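**Student:** Take this structure first; my questions come after.
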Amino acid sequence: MRTRASRTLLLLVVGLTSGLAGALVPGAADAGTSYVAIGDSYAAGVGTRSYDDSSGSCQRSPYAYPSLDAARVGASLSFRACSGATTSDVLSGQLGTLSASTTYVTVQVGGNDAGFTHVVTTCAEPSWASNCGAAIDSAQAFIKNTLPGRLDKVYAAVASRAPHAKVTVVGYPHLFNGEDCNAGTWFSPTEETRLNQTADQLDAVTRARAGAHGFGFVNPVAAFTGHAVCDDTEWINGLSKPVSESYHPNRKGQVGYANLVDDHLK
């Protein structure tokens, strides 16, 4: 018959062994670890060409970085990001699953507020058919003067609804490498440089506002260097069919994002 002391020792050994086994399982997470991903088409995974049918026009992809990272860290994912979303859309429709028990949040939004899709579309046209410079000027003025206040509203709402969560804001990469290899587009090297500079401005403003709220920030520019449109190994689609896939990260690009973001989900 086991003595009380021997039974106690056995329970301690079993408990320690179970804890060690859990620690050795890659991606293991505490029960109840939750991750809410909010944002626009970059966060949803547009560009990967494979989407969850139930997400409809939001085009959420199983190959998007939120899906990849949730699996890596063993978190339950509330995938709220949606193609075309602006800061207003996030505030009105993507915050419902945030709570005091939320563990992680990623936020990637602001590009649509600045009309970046319209700017890229305008600059893709021949110079005689559009005014790329004016479109870029307008976007840059908006990013400087109006976007900070809009981002503040989103970040404040996230902090209020998920006060204990670790929040990470995700930025945007450079799309171009100075070359235009796609039939049907007319980007000049100067236009590509200015478009990349606009992405830098967007990231700088986003980083500053994220920092003001105590959030982390992921800048993907360095990781995506050498993988822009027309590079040998593209992480970003060029002009595509359907056109909605254009100038968005492909599956390799989403893996690149996942590799950056998962460092913040710990």
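**Student:** Using only Cα positions of the chain, each an equal point scatterer, no hydration layer, compute I(q)/I(0) via Debye at q = 0.13, 0.15, 0.17 Å⁻¹ and quote the log10 values to two decimals.
**Tutor:** -0.82, -1.06, -1.32
**Student:** Taking only protein heavy atoms into account and a 1.4 Å probe, give the accessible area per residue of the stretch 33-82 in Å². Could you put the intermediate results ahead of the total?
**Tutor:** On the way: 1680 Å² over 50 residues.
Computed with neighbouring chains in place, this is 34 Å² per residue.
**Student:** Under a straight-distance cross-link criterion of Cα-Cα below 25 Å, which lysines are reachable from LYS241, leaving out those fewer than 8 residues away in the same chain?
**Tutor:** Those lysines meeting the cut-off are LYS252.
**Student:** So, one more: Quick one: length gained pulling ASP52 to LYS266 fully straight, 0.36 nm per residue minus the C-alpha distance?
**Tutor:** 74.4 nm
**Student:** In terms of Cα to Cα distance under 20 Å, which lysines are near enough to LYS266, apart from those fewer than 8 places away along the same chain?
**Tutor:** Once the sequence-local lysines are set aside, what remains near LYS266 is LYS166.
**Student:** Please report how far the C-alpha centroid of the stretch 152-210 lies from that of the stretch 54-74, rounded to the nearest whole angstrom.
**Tutor:** Computed from Cα coordinates, the inter-centre distance equals 20 Å.
**Student:** May I pose another question? Among DSSP beta bridges lying fully in the chain, give the percent that are antiparallel, nearest 5.
**Tutor:** Numbers: 1 of 18 bridges.
Bridges in the chain that DSSP calls antiparallel: roughly 5 percent.
**Student:** Using a cut-off of 21 Å between alpha-carbon atoms, which lysines can reach LYS144, once sequence neighbours fewer than 8 places away in the same chain are excluded?
**Tutor:** Cα-Cα hits under 21 Å: LYS153.
**Student:** How long is the gain from SER138 to ALA100 if the chain were fully straight, where each residue apart is worth 0.36 nm and the alpha carbon distance is subtracted?
**Tutor:** Contour length minus the Cα-Cα distance gives 9.8 nm.
**Student:** Helix 189-212: angle to the longest alpha-carbon principal axis of the chain, degrees 0 to 90, nearest 10?
**Tutor:** 40
**Student:** With a Förster radius of 30 Å, plug the Cβ-Cβ distance of SER160 and ALA208 into 1/(1 + (r/R0)^6) and report the FRET value to the nearest 0.05.
**Tutor:** Working: r = 20 Å, r/R0 = 0.67.
Taking R0 as 30 Å, the efficiency between SER160 and ALA208 is 0.90.
**Student:** Over the chain, calculate the relative contact order: mean separation of alpha carbon pairs under 8 Å at least 6 apart, over the residue count, as a percent. The partial results should precede the final answer.
**Tutor:** Values: 481 pairs, mean separation 55.0, N = 266.
Over the chain, the number comes to 21 percent.
**Student:** Could you go through the stretch 133-140 in sequence order and give the Karplus-derived ³J(HN,Hα) for each residue, using 6.51 cos²θ - 1.76 cosθ + 1.60 with θ = phi - 60°, rounded to whole Hz, and x for Gly and Pro?
**Tutor:** x, 5, 5, 5, 4, 5, 5, 5
**Student:** Using a Gaussian network model of the chain whose springs link C-alpha atoms within less than 10 Å, name the residue from THR121, THR87, THR106 with the highest mean-square fluctuation.
**Tutor:** THR121
The values are calculated or read from the model by the stated rules, or taken from the named source; none is laboratory data. Worth saying up front: this structure is predicted, and the values here are computed from it rather than measured. We place every Cβ from the backbone using ideal geometry, glycine too, and count neighbours over all the protein chains shown. Protein only, heavy atoms only, side chains kept; ligands, DNA and RNA dropped before computing areas. Shrake-Rupley method; radii C 1.70, N 1.55, O 1.52, S 1.80 Å.
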